[in-house]
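Comments concern the structure below.
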Amino acid sequence: MSTTDDADIRTQLATWQRRIQQTATGLTSPQTGSPQSALAPLLHQLVSVYNVASGLIGEILRSADSPLATTDTGRAYLVQLATALEHTNRTAAHLSTAVTGLADIHRLAPRPGTATPAESQLDITLGHDAALRSLKRALAAVTGRLTDTPPGQGAAPAPTVIEQHRRAADSGSTHPVRRRP
């Protein structure tokens, strides 16, 4: 691999670090007050996470089709981006949970003098906290060194569903299935 490619990868990683860090900084806890006042900022946060995920997908597609993908450093770069994308998608799922909690509070809006549904409030808090943790994991994924994985020692690809079923059928062992009543 040429030093130009290596410098290009490091520049791209720095760009992703900055974008994910900016998105994480923008992930502020939902406002207290009416659900209507908290919904718009939370939706804006969800959009910014979606934009980062879309950018990661575009970069993965661009890099996977380039000669860079045939080098060890290029493959390590793609693994870092894929890991960041995985955590970014989890962030979006957690933020969606928080948005659903806000929507529930709005839908079940208590009448004046009554309490907010505790479960919906908990969904908002836990969903937002989990989203922030996932985004920090995405940042950690693109912050690690490219040489953390020795050449040829990347993570083994996960077996496909068909392979897993074939292995279970070939093993001859049976496992009891528990069913809920």
### Message
7 Å from Cα along Cα→Cβ at both ASP72 and ARG10: what's the point-to-point distance in nm?
### Response
1.8
### Message
Suppose R0 equals 30 Å. What FRET efficiency, 1/(1 + (r/R0)^6) with r the Cβ-Cβ distance, do ALA82 and LEU126 give to the nearest 0.05?
### Response
0.70
### Summary
Taking the reciprocal of mean 1/r across every pair of different Cα atoms in region 23-102, the Kirkwood radius in Å is 14.0
### Query
In the neighborhood of THR91, defined by Cβ-to-Cβ distances under 14 Å, what is the net charge if each Lys or Arg adds +1 and each Asp or Glu adds -1?
+3
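Only the coordinates and a few stated rules stand behind these numbers; no lab work does. Please read all numbers here as calculations on a predicted model, not as lab measurements. Using ideal geometry, Cβ is built from the backbone for each residue, glycine included, and neighbour counts are taken over all protein chains shown.
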